[in-house]
Every structure is written in structure tokens, then in C-alpha cells.
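All remarks here apply to the structure that follows.
Every number here is computed from the coordinates shown, using simple stated rules; none is lab data. Remember, it's a predicted structure, so these values are computed and weren't measured experimentally. Neighbour counts run over all protein chains shown; Cβ positions are idealised from the backbone, glycine included.
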Amino acid sequence: MAKRNLTSSDLPQFQGNYSEAAFWKKLKKAAGKAGVKAVYYALVLFYTLMDPDTPARYKAVIAGALGYLILPLDILPDFLPFAGYADDWAALIAAVSYVLSAISERNKMKAREKLKTWFPEAGVSDLGDLS
């Protein structure tokens, strides 16, 4: 895949890489490196994906973004210092931007609660605009 900016329209092609078990494994492994905000965005997307009220067109984009996060070989391999998660972060941002209207306060709350297990000291100011 050529290096370029990811958009929400690119993401559904990666949904085949998504599985709930792989998501949790990747998120637990990468939490410290990815940081509070990236983990929070991933959790918000996960809970929005699991929400039966989320429209299918949004679920395809979310599954694609989370599938891209899980994908071991992507535009910037995750083992690269500092840059390794930049493309994963871009995929999460693109998905959040696209599905923003489907993200409920309930799903944000679930994400904040789960986030506390990895980042107990994290505050609302660490979560960015999506808090």
C-alpha cells in the first residue's frame, strides 16, 4: 500500500482484519505506547461498534478503523519509534470524525470507565475534543 493519508472512505476495506479478541489484545499491548487519547478513541469506537443503535454504514467504517489498528503490517509499522502508531491514530481520527453523530454519551462513559483500568490518573483534559 502506498503511503498516503487515510480517510474514512478507505477504512471499510480493513474490516476483515477486525475481531474483538484481536482488538483487546492489540489495545492492551499498545496502550502505553499509543497514549491516553488514542486508547480512548479506540475504546469509544469499540463501544459504538457494539451498540445496536449504531447504523450499519458507521459500523463498517469503525470495524475498518479497528481492523487497521489490529493489522500488523500497515503504512507505518508499529515498531517504529514515535511514528509507528501515527497511521493507526490517523485511522482512529478519520473514523471518529465520520461517525461522530453516532457516538453516544453512554459509549463515551463506557470508554472512560475502561480507560481507568490502564490510565487511572487520566483526566477529562487528556481525552481531547471527544471527552
Listing Leu45, Leu127 by rising number of other beta-carbon atoms within 10 angstrom, fewest first, gives Leu127, Leu45
Exposure-ranked with fewest Cβ neighbours within 10 Å first, Tyr58, Tyr40 stand as Tyr58, Tyr40
Between Asp129 and Lys25, the FRET efficiency computed from the C-beta separation at R0 = 22 Å comes out, to the nearest 0.05, as 0.20
